[in-house]
Amino acid sequence: MSENQTTWLTQESYDRLHSELTALRENRPVLAAEINERREEGDLKENGGYHAAREQQGQEEARIAYLEELLDNATIGEAPMESGVALVGTVVHVYYDGDEDDKETFLIGTRGLESSNPDLETYSTDAPLGAAIVGAKEGETRTYSTPSGEEVQVTLVKAEPYDADRDIPRSQQ
């Protein structure tokens, strides 16, 4: 995450991430015991169990640090209830460069706010597309620059509040 970036989260997302953080913290002694147990097996150079446990510890500590920063800088709010405007927490339907067949559906989120459906892409408001589309009204076309410098037009077809029960898989977009 960038320095002191505020992240918008619903109470549900905050609670889910906080529970994950608690579980990871509670797993620290278990993982430390596993590492000590593997260390006692002997030669560390060829001890796959030891190296796997250390790798897992590193991944979990990185996730703990990420979640701590994310939750410390989170703003808790509710998902938008209105349709028609692309806001953080809305699922948007867009098409690109005036081609109505070149369409995409995604959730506008912030770092750490993702759809519960792995088939629904989430675009951060830090991404060029996410930043361009936020605040657009249905039917409005905006232009943004890709990292390669290409100018792309995106037209908002529909914006609706995110509802985990109504996630739209990519295969059905």
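The values are calculated or read from the model by the stated rules, or taken from the named source; none is laboratory data. None of the values given here were measured: they were computed from a predicted structure. Backbone-built Cβ (ideal geometry, glycine too); neighbour counts: all protein chains shown. Surface accessibility is based on the protein's heavy atoms, side chains included, excluding ligands, DNA and RNA. Shrake-Rupley method; radii C 1.70, N 1.55, O 1.52, S 1.80 Å.
Observations on the structure shown:
- For region 119-159: accessible area per residue (Å², 1.4 Å): 50 Å²
- Contour minus Cα-Cα distance for Glu40 and Ala131 (0.36 nm per residue): 27.5 nm
- Cross-link reach list, lysines versus Lys103, counting only Cα pairs under 29 Å and skipping chain neighbours closer than eight places: Lys137, Lys158
- With the whole protein complex present, Glu68 retains an accessible surface near 60 Å², based on a 1.4 Å probe.
- Multiplying the residue separation of Asp97 and Glu12 by 0.36 nm and subtracting their alpha-carbon distance yields 27.0 nm.
- Ser148 contributes about 100 Å² of solvent-accessible surface, heavy atoms of the protein only, 1.4 Å probe.
- Database remark: amide H of Ala136 closer than 5 angstrom to the amide H of Ala86 (H placed geometrically; neighbours at sequence offset of 5 or more, or on other chains; Pro and chain starts carry no H).
- Computed label-point distance, nm, for sites Ala23 and Asp72 using a 7 Å Cα→Cβ extension: 2.4 nm
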